[in-house]
Amino acid sequence: MSLDRIRGFGSGVDIATPNEFTQQLQRNSIQPIRSLVPNTLGTILCIVSNFTPAVKSSGTDHKLVVRVADPSLPHRETVTWITFRDLHSMPSIQSPGDILYLEDVKVQEFSGKAQLLSNYGTRWEVLSIDDDVEGLNPMLKYLRDWWLSQQSRGPSAQSVPSFVEPSENIRTKYLKKVSELDDSTRYVDLLIEVLHIRDAEPAPYIRSALRCLVTDYTENYLLHDVEISTPVRGKRLLWCTINNPDDIPGMPQLQPNHYYRLRGAKVTIDRFDGLTVMVERNDKFPKTKVVNEVTGGLPELKALLERRKKYAGRLAHPRDI
């Protein structure tokens, strides 16, 4: 199946409602976004609601983040599609309102929401907002008309959050669990347990670095598997790099099985390393302690310890994991 083939299908069929649109999708082996199942491959026909231009991620790869919607979703609700490719291989998305056909896209779930991720077999085609849909497949015309009607009702989608610089006033509102991190997260506070520490080969212009394997006992499917043996399994293990630790005010001596709060950790997601975070001195607020040992009294630590206890109990009963 391809968008070119879809253009010629279904002539003479009138589509007037979301249900009729869904029926036509299913007849063409296309899924409504709302019916996508996590951990499977999906094929969808959707509208670009918002997107950020592709940005460099690692090596020659760039990352493109697109928010998409279709009539199966409630008003203003969108789903994120992430793709990593070299810049010249990126889809030619120009504007909100472009129609996007995605085939064999990986469906994941984060914090109860679907998320789409391209793999090597994912194919896509784009029909520009400037292209005329008259005389084409009624699905394309209905999708365009539906999107225009959404615009007339006001903002049709949540924009990708803009860049947020960490500040001296970072407080609990920035504290998140690892399970809550996604492609829209730029900087975050984390409360974690350190499991493993080693010296790392520093990046250019970095004198020294520590590489730490940490967890807060929540899962995130953007995390890649690690080969280091730890008591913690599954997608609960997060790599954290601490650049130039000697420059960080009040930097504690990290120890395994101790708990720390990371402030203003930079979140990175790429194809090779998955989800990782990086901490370094905040040059805007050089006196800020960006790594703090936590020993007790913080409600969030109590919640982490409760998750730790629950996880240890599950390890004692492997069938429950």
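The values are calculated or read from the model by the stated rules, or taken from the named source; none is laboratory data. Given the structure is predicted, the values throughout are model-derived calculations rather than measurements. Glycine gets a Cβ as well: all are built from the backbone with ideal geometry, and neighbour counts include every protein chain shown.
Within the range 27-72, being surrounded by fewer than 21 Cβ atoms within 10 Å (Cβ to Cβ), aliphatic (A, V, I, L, M) and part of a loop (DSSP other than H, G, I, E, B) holds for one residue alone: Val37.
Looking across the range 294-309, the residues that are in contact (Cβ under 8 Å) with a residue 24 or more places away in the chain, farther than 13 Å from Thr215 by Cβ and out of contact with any strand residue (DSSP E or B) (no Cβ under 6 Å at 6 or more places or on another chain) come down to Thr295, Leu298.
Whether a residue is farther than 30 Å from Arg308 by Cα, modelled with pLDDT of 80 or more, touching an Asp or Glu at 6+ places or on another chain (Cβ under 7 Å) and not in a strand (DSSP E or B) was assessed, and Gly97 does not pass this test. Return the residues of the range 246-260 that are buried (at least 17 other Cβ atoms within 10 Å of the Cβ) and in contact with a Lys or Arg (Cβ under 9 Å, 6 or more places away or on another chain); say none if nothing qualifies. Within the range 246-260, Ile248, Met251 meet the criteria.
Hey, does the range 138-150 have a residue that's touching a Gly at 6+ places or on another chain (Cβ under 9 Å), surrounded by fewer than 19 Cβ atoms within 10 Å (Cβ to Cβ) and either within 30 Å of Lys235 (Cβ to Cβ) or of a type outside the set (A, V, I, L, M, F, W, C) (or both)? Checking the range 138-150: at least one residue is touching a Gly at 6+ places or on another chain (Cβ under 9 Å), surrounded by fewer than 19 Cβ atoms within 10 Å (Cβ to Cβ) and either within 30 Å of Lys235 (Cβ to Cβ) or of a type outside the set (A, V, I, L, M, F, W, C) (or both). Against the numbered list (1) out of contact with any Ser or Thr (no Cβ under 9 Å at 6 or more places or on another chain); (2) part of a helix (DSSP H, G or I), Met251 comes up short only at (2). Taking the range 195-242 as the range and being assigned to a strand (DSSP E or B), within 25 Å of Asp182 (Cβ to Cβ) and β-branched (Val, Ile, Thr) as the test, the residues that pass are Val214, Thr215, Thr241, Ile242.
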